[in-house]
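Only the coordinates and a few stated rules stand behind these numbers; no lab work does. What you see is a predicted model; the values in this text were computed from it and never measured. Cβ atoms come from the backbone with ideal geometry, glycine included; neighbour counts cover every protein chain shown.
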Amino acid sequence: MKASLRLLILVAVTVLAADQVTKYLAVSRLTNALDGREGLARVTGFVSEQNLDNDPPTEAGRRVSRPHRFIEDYWHFRYVENPGAAWGLFSNLPDGVRRAFFHVVSLAALAFIFLMYRRTAVEQRLVRLALALITGGALGNFVDRLLRGYVIDFIDWHWRNQPGMRWPTFNVADAAICVGVAFMLLDSLRVRRPEPVTAPLTESPNP
């Protein structure tokens, strides 16, 4: 296996693992979905539990929200189920259409990212790291949609609960994608020195 491909797999798998572990902790700590389960049953419950297509997330359902104030007025952990894309886009589509749409889009995006990664040069380390982060984030949210039909978000940033001063709730996969995009923008702003042009060697004429 080439070293460049190892970087893609290592970073993507690390992001995917971090994303799913933190989502498990969010379901475990911020909701009542896994209450009463122990050991492996909690993990299988996390993988198999679905809420959006069955019970509403109310106090009478399985998803009682138990938000945690990490930094008062600025950073809370709050469980949210997002059936759409970023900022809830396309969440109002019929369930069957929405799932098929996001599955196709996610697979097409992953294929495109992998193709871009293969075409990057070895010295484009920042671009390759960026694409690996985006791949891991895309995989994390794709796994959510594949298992449940929605994405689990839980990081809530806001400014003193002021109207219009709340960032849409996100997760580790979203953060990895944003960092990857930022790295690509940073790389595009770098000033690249032109390669020195060397004159071809010519044979001296015979005396």
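Remarks
- Cβ-based net charge around Leu107, under 14 Å, with every Lys or Arg adding one and every Asp or Glu removing one: +2
- Rounded to the nearest whole Hz, the Karplus-based 3J(HN,Hα) values (6.51 cos²θ - 1.76 cosθ + 1.60, θ = phi - 60°) of the stretch 161-174 follow the sequence 6, 6, x, x, 10, 10, 6, x, 4, 9, 9, 5, 4, 4, with x at glycine and proline.
- Calculated P(r) of the stretch 133-196 - Cα pairs past 15 Å, %: 65 percent
- Distant-in-sequence amide contacts of Arg148, defined by a placed amide H-H separation under 5 Å and a gap of 5 or more residues or a different chain, comprise nothing.
- Subtracting the Cα-Cα distance of Gln162 and Trp75 from 0.36 nm times their residue separation leaves 30.0 nm of extension gain.
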